[in-house]
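Beneath this line is the structure, given in structure tokens, with notes to follow.
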Amino acid sequence: MIEKYLYINTIGCQMNVYDSERIAQVLKTLQYKLTSSVEKADLIIVNTCAIREKAEQKVFSFLGRLSGMKKGKPGLIIGVGGCVAQQDGEKVLARMPFVDIVFGTHAIARLPEMIKKVESGKSRVVNVDMAPEIYEFQPVEETKNSGSTSRFVTIMQGCDNYCTYCVVPYVRGREMSRLPADIIKEITGLAKSGVREITLLGQNVNSYGKKEGLCSFPEMLESINEINSIQRIRFTTSHPKDLSLDLIKSFKNLDKLCKHFHLPVQSGSDRILKKMNRKYTSKHYFEKISTLRDYCPEIAISSDFIVGFPGETESDFMETLEMIKTVGFDSLFAFKYSDRPNAPASRLLNKISDAEKKKRLKILLEFQKTITLEKNKSLIGSTQEVLVEGLSKKESTAGGNGIKKRIPLQWTGRTSTNKIVNFTGYENCGSHKEKITGKLIRVRIDRALSNSLQGKSMSERPKSSDNKGEESYAA
Ligand code: SAH
Ligand code: SF4
Ligand code: F3S
């Protein structure tokens, strides 16, 4: 049989990363093998993102490159999937004659039949159907050891919140939860293949199962906590308005649930939150954070912010900075507001200039940098439990002028609180990578940078399966 190669370029959020894994999996049925070389590929899929203009530009610039490639390789099949495909549908084909397939966010299971059509020379195809009855979402089967310690599992699709700036409800459709049995089957399979950490994905995991009358999200977490050899559970994202006391209590009760909460707030100004249709005030947000810290004092909190939403005044922005100071986030993501043609905020007046948005973004990020560094510094001298992801990217030898200098081998992983730790102390394990990858190692922190911590390993975690109270040790 002739070997056929598939190259996937994934742009966008973790959901797209997960969807790309599903794409690779369904295309195995057509004998496509994944390659990391775009030149070698017989089929190229671009999994796209429409969240901000910049993400869309990235998509179109990559597609521009492919147009040139196809001229030299006419048999090459090019498919565009994901959120831009869902948003623009037929228009993508009209604008780009070199594209063969456009498939939306609900069409992954139908991709093989679309590709077969193109392979047999029949036509160019589009499928951006979002009708719930054709929504197919079977567990991702894991057949062999993938070598990864950590994997994403999407537990729900779509969003019903309609924040006024956001394109997601229009490109991912209505909120829909997967069946608990399918999710558990998938995670059990991943655990068998060597995966140790699972991140559950959904635009608003706190409303998991509500519409369909399935189990609640905290109940789902409880079931996953029971799966042997899964050592850590994470999730993202949760909407502040729906954050329940039950979920907060899970951080105290479930030993595998990581002590990190990503709770996007978007703005510190109630006036702007209202215009964004977020349905909470800064006071509500503070209350939720305070309850979280009551139940789990060591919890790390991160968030998303948008600067320069239409009509955001200097004083609204000051309220955002005030919020950042009051909460004391461990880290955050911040974005310049970007008009999305489908989203209602694009029709609001009083748009903020790009120069002003740039200025506010810079101020905000600088402001947070100091807070993050302070938080990281406070960990110097403590011992943290780190799930090892592999060797850190740093070279083990370096040196100019032909003289090689030995740099101690460094490993990398994350704390339960989601901080990156690079550490030494397992110098002889370089040729036995599998020996510590995927293991929980105790690391003594001796240096803090703004994006990571550095330390030296103490030991592997004792074999006992219960790690309650072992999260971090004060020096
Ligand atoms: N469902 C998640 C977020 C998904 S999008 C939630 O509600 O938290 C990720 C982040 O992108 C958002 O939190 C927001 O900060 C940012 N974002 C979304 N639309 C945007 C836009 N039009 N311009 C700038 N940032 C945007
Ligand atoms: Fe977008 Fe709001 Fe839904 Fe998040 S909750 S995906 S920001 S509409
Ligand atoms: Fe982008 Fe779609 Fe995710 S718009 S952020 S890839 S849900």
In segment 152-182, which residue that is within 17 Å of Val17 (Cα to Cα) and aliphatic (A, V, I, L, M) is nearest to ligand 2 (Cβ to nearest atom)? Val168
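Residues checked against (1) in contact with a Leu (Cβ under 9 Å, 6 or more places away or on another chain); (2) modelled with pLDDT under 95; (3) among the charged types (D, E, K, R):
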| position | (1), (2), (3) |
| --- | --- |
| Asn16 | no, no, no |
| Ala41 | yes, no, no |
| Ile45 | yes, no, no |
| Ala50 | no, no, no |
| Gly75 | no, yes, no |
Please state which one of Lys73, Lys58 is without any contact (Cβ under 8 Å) to a residue 12 or more places away in the chain and either under 28 Å from the mean Cα position of the chain (by Cα) or more than 19 Å from Val125 (Cα to Cα) (or both). Lys73
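Conditions (1) within 14 Å of ligand 2 (Cβ to nearest atom); (2) of a type in the set (A, V, I, L, M, F, W, C), marked per residue:
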position: Ser207; (1), (2): yes, no
position: Gly213; (1), (2): no, no
position: Leu221; (1), (2): no, yes
position: His239; (1), (2): yes, no
position: Leu247; (1), (2): no, yes
position: Leu254; (1), (2): no, yes
Under the condition of being under 18 Å from Lys439 (Cα atoms) and part of a loop (DSSP other than H, G, I, E, B), which residue from segment 172-203 is nearest to ligand 3 (Cβ to nearest atom)? Val195
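If you go through segment 29-47 one residue at a time, do you hit one that is part of a helix (DSSP H, G or I), more than 16 Å from ligand 2 (Cβ to nearest atom), open to solvent by 50 Å² or more (accessible area, probe 1.4 Å) and in contact (Cβ under 8 Å) with a residue 40 or more places away in the chain? Write out each step before concluding.
Let us first name the residues in segment 29-47 that are part of a helix (DSSP H, G or I), namely 29-30.
Next, from what is left, pick out any that are more than 16 Å from ligand 2 (Cβ to nearest atom): 29-30.
Filter again for open to solvent by 50 Å² or more (accessible area, probe 1.4 Å), leaving 29.
The next check asks that each one be in contact (Cβ under 8 Å) with a residue 40 or more places away in the chain; those that pass are 29.
Yes, segment 29-47 has at least one match.
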Any idea how many residues of segment 213-270 are basic (Lys, Arg) and either in a helix (DSSP H, G or I) or out of contact with any strand residue (DSSP E or B) (no Cβ under 6 Å at 6 or more places or on another chain) (or both)? 4
Which of (1) within 11 Å of ligand 1 (Cβ to nearest atom); (2) open to solvent by less than 10 Å² (accessible area, probe 1.4 Å) is the odd one out, the single condition Gly173 does not satisfy? (1)
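Looking only at segment 72-127, which residues are in a loop (DSSP other than H, G, I, E, B) and open to solvent by 50 Å² or more (accessible area, probe 1.4 Å)? Break it down into steps so the answer makes sense when it comes.
First, the residues of segment 72-127 that are in a loop (DSSP other than H, G, I, E, B): 73-76, 89, 96-100, 104-107, 120-124.
Answer for segment 72-127, where residues must be in a loop (DSSP other than H, G, I, E, B) and open to solvent by 50 Å² or more (accessible area, probe 1.4 Å): Lys73, Pro74, Gly75, Pro97, Ser120, Gly121, Lys122, Ser123, Arg124.
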Would you check which residues across segment 1-24 are within 15 Å of Arg151 (Cβ to Cβ), more than 9 Å from ligand 3 (Cβ to nearest atom) and open to solvent by less than 50 Å² (accessible area, probe 1.4 Å) and list them? Tyr18, Ser20, Arg22, Ala24
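Looking at Ser303, Ser338, which is the one that is in a strand (DSSP E or B) and not charged (D, E, K, R)? Talk me through it step by step, then tell me what you get.
On the way: Ser338 fails: in a strand (DSSP E or B).
Of the residues listed, the single one that is in a strand (DSSP E or B) and not charged (D, E, K, R) is Ser303.
Counting only residues that are under 22 Å from Thr415 (Cβ atoms) and open to solvent by 10 Å² or more (accessible area, probe 1.4 Å), which one in segment 198-231 is farthest from ligand 1 (Cβ to nearest atom)?
At the first step, the residues of segment 198-231 found to be under 22 Å from Thr415 (Cβ atoms) are 198-201, 205, 221, 224-225, 227, 229-231.
Imposing the further condition that a residue be open to solvent by 10 Å² or more (accessible area, probe 1.4 Å) reduces the set to 199, 225, 227, 229, 231.
Working: Thr199: 14, Asn225: 24, Ile227: 26, Ser229: 30, Gln231: 26 Å.
Out of the qualifying residues, it is Ser229.
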Flagged pairs (Cβ under 6 angstrom, 6 or more apart or on separate chains; first in segment 293-305, closer than 25 Å to Asp270 by Cα and in the same structural domain as Ser267 (by TED's automatic domain parsing); second open to solvent by less than 10 Å² (accessible area, probe 1.4 Å) and β-branched (Val, Ile, Thr)) are Ser303/Val265
So if I check each of Ile299, Ile352, Ile324, which one is farther than 23 Å from Ser244 by Cα and open to solvent by less than 70 Å² (accessible area, probe 1.4 Å)? Ile352
What number of residues within segment 288-316 are among the hydrophobic types (A, V, I, L, M, F, W, C), away from ligand 3 (no atom under 16 Å from the Cβ) and in contact with a strand residue (DSSP E or B) (Cβ under 7 Å, 6 or more places away or on another chain)? 6
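For the condition assigned to a helix (DSSP H, G or I) and within 16 Å of Ala109 (Cα to Cα), what is the one hit in Arg65, Arg22? Give the derivation first.
On the way: Arg65 fails: within 16 Å of Ala109 (Cα to Cα).
Result of the check over Arg65, Arg22: Arg22.
The values are calculated or read from the model by the stated rules, or taken from the named source; none is laboratory data. Quantities reported herein were computed from a predicted structural model and do not represent experimental measurements. Neighbour counts are summed over all protein chains in view; Cβ atoms, including those assigned to glycine, are modelled from backbone coordinates with ideal geometry. Note: accessible area is taken over every heavy atom of the protein model, side chains too, but ligands, DNA and RNA are not part of it. Shrake-Rupley method; radii C 1.70, N 1.55, O 1.52, S 1.80 Å.
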